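Below is one structure; the comments refer to it alone.
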Amino acid sequence: MTPMRKAHEDASHRSDYGIGSVRRLLHRFSIPRPWLLAYLLLIVVPAAVFLYGYYERSASILKNEVMRTMQQALKQAGSNLSYRLEHIQDISNAAFMNSNLHSYLSVGADDQSIAIQLKVIEDLRYLVDTVQSNSDVYHVRLFVDKSKLYAQERINFFTLDSLQARPWYPAIIGGNGGIVWTGIYHESFLGEGDANIFSAARMLRDPENYDKVSGVLMIDVQESLVSDILSALQFSPGTQVYLVDESGTIVYHPDRSLIGTKVDRSIFDVLRQGDEGIRTLKQNSDANNVMYTTLNPTGWKLVAQGTESQLSPQSVKLTQRSEWTSLIEYVTLFLILPFVLLAIIVRGMNRRVNHVITVIRKEGTDSLNDLPAASGDFHMLERSVDHLIIRVRTLVEEKYKAELHEREAQLQALQAQINPHFLYNTLDTINWIAIGKGATDISQMIDSLAKYFRLSLNKGQSIVSVEDELRLAQVYLEIQQSRFLDTFDFKLEIQEGLDAYRMPKLILQPIVENALLHGIRKAKDRRGLIVISAKEDKGDLFFAVSDNGIGMEESLASRLLTEAPTESANRGSSDSGSSYGLFNVNERIKLYSGENYGVGIDSRLGVGTTVTVRLKAGFSE
């Protein structure tokens with residue numbers, strides 16, 4: 001055999017050995033298909049759904065918080081811009097209220113001497129310089145009749161005819177003296193060059209001839225007043241921040257080619273819905289988020305528009321990627337670690353079961369005692385075989401023990417069947433209080449509910465003090481007063497000295513519940529009243545729960561205590577809850593005290609109901 005052939009065969013043997021080892025390992029850790037399917041359906045799939053839902057909720061909360069923060073930033077920028085524009089309006093109003101301005105504009109070229117004309121020019125120049133001294137004002141222009149000597153000055157004074165070609169001139173005249181804001185436009189100034197500005201313009205009337213327009217006052221503001229404020233917004237690249245006037249025309253945009261154009265109709269419809277808001281629109285198959293706020297002085301809308309990815313800052317995108325990574329890691333853990341653990345458990349179970357079966361076949365069931373000690377399910381499996389034989393021998397003894405515990409089991413079973421609807425209704429009430437009211441009401445409701453749980457559960461004990469039982473009924477009614485506001489009152493008339501007695505728990509609460517839900521709540525013509533009284537007489541405890549509700553017929557009152565409600569009756573009757581609760585309480589009292597004790601009902605239709613309880617008094621240890 002050549003060395004090359006020998007090396008090839010050795011490599012082939014090693015490969016076969018490795019494949020065989022892998023197969024033996026997989027066989028050793030193999031899991032039955034039903035187990036694997038149950039694991040996938042009951043653990044992996046619900047865990048994946050839960051984790052994905054958690055991710056979606058976290059992403060939604062994070063997105064909403066980011067959008068809220070950006071909206072606040074946009075509102076702050078709008079407030080800053082509104083403040084600056086209101087300042088310009090105040091300056092314009094101060095100049096407009098100058099009485100000399102109107103009188104000077106009414107002086108014609110032929111009305112007065114040259115000296116008066118020069119005086120007018122000097123005073124108007126002083127007024128203009130005073131207004132221009134404000135840092136927010138870039139330029140002041142006064143458009144007057146061409147007959148004025150200073151109309152051709154072309155620095156601060158211009159002819160009114162030169163303004164008439166402007167697109168916003170009709171709006172200025174139609175404003176009737178009110179301030180009209182122009183959008184951003186390009187203007188050339190003699191001696192100062194070109195500038196991008198927007199203006200607060202208003203018409204001036206001749207005080208001696210009110211129908212005559214004597215001029216137009218324009219206070220020019222540089223575009224940088226807007227751009228500096230909006231550029232401070234730290235939105236992601238691609239987010240468009242611009243201004244839109246009330247007609248839907250863009251008056252400012254970083255892209256100058258869009259100034260003067262109309263916004264998309266869908267966006268304009270959103271902007272008209274209110275002073276501020278956030279909306280998501282579908283445009284060209286992309287979801288666009290539009291945030292806007294209103295500038296009070298002008299009525300313009302400050303708009304931030306962009307896709308979800310554009311409006312989300314980098315930190316949010318990193319957080320979302322981190323959440324996806326965590327989601328994948330959690331799913332991987334649920335898939336791998338429990339699978340390995342389950343495989344080990346199944347392997348051990350199979351080995352132990354095979355051992356038990358082998359011992360039984362060879363040596364009989366008595367040899368099970370000689371097996372090594374096991375724990376958990378394996379111990380149960382081994383001993384179940386032996387127990388099957390032993391149980392036949394001890395059947396009589398087990399039957400006797402079962403009879404001893406039968407009455408206690410009945411008591412526990414009846415007690416465990418208390419209708420849970422009160423819990424659900426209370427939690428529902430807490431939810432609505434949380435929506436409609438403040439935290440104080442919620443705190444009070446939760447506190448009362450906690451007291452109810454503590455008293456009703458009583459650390460698993462079925463026998464409680466009379467004080468705790470009365471307190472439980474009181475807490476229940478306090479909770480229901482929060483639920484049904486101003487519909488009923490209650491009072492307790494308790495004999496002193498009952499603290500020393502004990503009784504089965506949850507005797508009074510079902511009766512009080514029936515009085516409220518089936519008596520008081522159905523009486524719509526009066527405010528309800530529930531009275532709970534308790535006393536001791538000759539070793540017996542007497543309780544009475546009275547209400548002024550709708551009452552019931554005598555035949556119905558008798559059936560409530562003597563006939564156990566069927567499943568069909570419980571589903572079909574509105575009084576099934578009342579029947580079940582009273583029958584339950586009556587049976588529990590008889591199990592506890594004897595057949596001579598129990599519940600009594602005295603009711604008059606339309607007047608009210610009194611339910612009495614008589615049971616044997618037990619003393620505290």
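The values are calculated or read from the model by the stated rules, or taken from the named source; none is laboratory data. What you are looking at is a predicted structure, and each value in this text was computed from that prediction instead of being measured. When we count neighbours, we look across all protein chains shown, and the Cβ atoms used for this are built from the backbone with ideal geometry, even at glycine.
For the reader, a short list of remarks on this structure follows.
- Residue match in the range 513-536 (condition: under 21 Å from TYR452 (Cβ atoms) and among the acidic types (Asp, Glu)): yes
- Condition check for LEU243: hydrophobic (A, V, I, L, M, F, W, C), part of a loop (DSSP other than H, G, I, E, B) and under 26 Å from ASP90 (Cβ atoms): no
- Among the candidates VAL140, VAL131, VAL120, residue that is modelled with pLDDT under 85 and either of a type in the set (Val, Ile, Thr) or more than 28 Å from GLY191 (Cα to Cα) (or both): VAL120
- Test result for SER546, without any contact (Cβ under 8 Å) to a residue 60 or more places away in the chain and either outside any helix (DSSP H, G or I) or buried (at least 22 other Cβ atoms within 10 Å of the Cβ) (or both): no
- Residue list for the range 559-602, restricted to those being at pLDDT below 80, part of a helix (DSSP H, G or I) and either closer than 15 Å to VAL512 by Cα or not hydrophobic (A, V, I, L, M, F, W, C) (or both): THR562, GLU567, SER568, ASN570, ARG571, GLY572, SER576, GLY577, SER578, SER579, TYR580, GLY581
- Among (1) part of a loop (DSSP other than H, G, I, E, B); (2) of a type in the set (Lys, Arg); (3) modelled with pLDDT of 85 or more - the single one LYS148 does not satisfy: (3)
- Selection from the range 282-304 of residues that are in a strand (DSSP E or B) and modelled with pLDDT of 85 or more: VAL290, MET291, TYR292, THR293, THR294, LYS301, LEU302, VAL303, ALA304
- Any hit, the range 459-470, residues being modelled with pLDDT under 70 and either more than 30 Å from TYR592 (Cα to Cα) or out of contact with any Gly (no Cβ under 9 Å at 6 or more places or on another chain) (or both): yes
Residue by residue, here is whether (1) farther than 16 Å from HIS139 by Cα; (2) outside the structural domain of VAL128 (by TED's automatic domain parsing); (3) in contact with a helix residue (DSSP H, G or I) (Cβ under 8 Å, 6 or more places away or on another chain) holds:
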| residue | (1), (2), (3) |
| --- | --- |
| THR159 | yes, no, no |
| GLN164 | yes, no, no |
| PRO167 | yes, no, no |
| ALA171 | yes, no, no |
| GLY175 | yes, no, no |
| ILE184 | no, no, yes |
| GLU187 | no, no, no |
| ASP194 | no, no, no |
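- Residues in the range 199-235 that are of a type in the set (Val, Ile, Thr) and within 17 Å of GLY178 (Cβ to Cβ): 3 in all.
- All positions within the range 592-609 that are surrounded by 18 or more Cβ atoms within 10 Å (Cβ to Cβ) and touching a helix residue (DSSP H, G or I) at 6+ places or on another chain (Cβ under 9 Å): TYR592, GLY598, VAL599, ILE601, SER603, GLY608, THR609
- Of all residues in the range 193-208 being in contact (Cβ under 8 Å) with a residue 12 or more places away in the chain and out of contact with any Asp or Glu (no Cβ under 9 Å at 6 or more places or on another chain), the one that is surrounded by the fewest Cβ atoms within 10 Å (Cβ to Cβ): GLU208
- The residues on offer are ASN209, ASN288, ASN296, and the sole one that is under 30 Å from LYS146 (Cβ atoms) and either among the polar types (S, T, N, Q) or not assigned by TED's automatic domain parsing to the domain that holds ARG154 (or both) is ASN209.
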